[in-house]
1. Mind pulling the angle between the C-alpha long axis of helix 146-155 and the longest principal axis of the chain? Nearest 10 degrees, somewhere in 0 to 90.
2. Against the longest alpha carbon principal axis of the chain, how many degrees, from 0 to 90 and to the nearest 10, is the axis of helix 62-73 turned?
3. Taking Cα centroids, how far is segment 46-85 from segment 201-242 in Å?
4. Taking the beta-carbon count within 10 Å as an exposure proxy, list 193, 101 from fewest neighbours to most.
5. To test your reading of the geometry: what angle, between 0 and 90 degrees and rounded to tens, separates the Cα axis of helix 100-113 from the longest principal axis of the chain?
6. Compute a Gaussian network model of the chain, connecting alpha carbons closer than 10 Å, and tell me which residue from 176, 30, 126 fluctuates the most.
7. Excluding residues on the same chain fewer than 8 positions from residue 62, give the lysines whose Cα lies under 16 Å from its Cα.
8. Just want to confirm a number: the relative contact order over the chain, from Cα pairs under 8 angstrom separated by 6+ residues, in percent.
Amino acid sequence: MLLAIDIGNTSTKFGVFENAVLVARQTLPTIPTLSADEIYNLAEIKQTIHAVVISSVVSELKEAYREFSNTYFDLEPFFVKTAANSNLKINYLLPETLGVDRFVAAFAALEKYGKPCIVCDFGTATTIDAVNSKSEYLGGIITPGMDTMRESLFTNTSALPLIKLRRPETVIGNSTVASIQSGIYFGYVALVDGLIERMKTELGEQPKVVATGGLAKLIAESSKQIEILDDNLMLDGLRLFYEKHLR
């Protein structure tokens, strides 16, 4: 079986695949100080693993995960790099500066849903990236995630509370909490839809719009642009990359 690991800034996703079937999935908080033994104890992977493929934006964890794979599965893990050869052509000013998470998400969207496509990843930061009909990754946007905005508003003010993210019933909030919820939620949906609309205009094509990440479902409830929700996009992207370029 294949073990795919997506290490993000806030959470780390583990997926065990038997061929194309995801047979086990687990999400853990990303803790940069974890040791290989701690990773193994937390992940609780019981299956027999024959290959390990990893995408990571947290450089501090690379050696711990390498040791985890070598020690417990007797396997050298493959860390996906943005510059890796794939069906996705990178048309980015400095390709080496493109985050591997953005590369994997775009590659996965291209492979699963075709071209052209726009892929949104809603995490600590939100990224929205475009792939054209020539299978070229063109770039996109990076903006603070909705939860990051919520925490920033609380941290940088003296009187505003830390609210729960939710979809308010109305845009006009009748309390401080409701006003913040509305401003963050509906403001964020407008930001996302506005950016996607501008991207479509620049592309001059009609792409499929795919969303993934922890807040994707909440945002998609009100978005007029998001068409496809895919919670396993990153894990599937790692599997597809392994099958096409590493097996």
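1. Once rounded, one gets 60 degrees.
2. Once rounded, one gets 50 degrees.
3. Distance between centres, Cα-based: 25 Å.
4. Listing 193, 101 from fewest to most nearby Cβ atoms yields 193, 101.
5. Tilt relative to the chain: about 90 degrees.
6. 176
7. Within the straight-line limit of under 16 Å, residue 62 reaches these lysines: 13, 81.
8. The normalised contact order for the chain reaches 17 percent.
Each value in this text was obtained by applying a stated rule to the coordinates, not by laboratory testing. These numbers were taken from a predicted model, which means no experiment stands behind them. Glycine also receives a Cβ, built like all others from the backbone with ideal geometry; neighbour counts cover every protein chain displayed.
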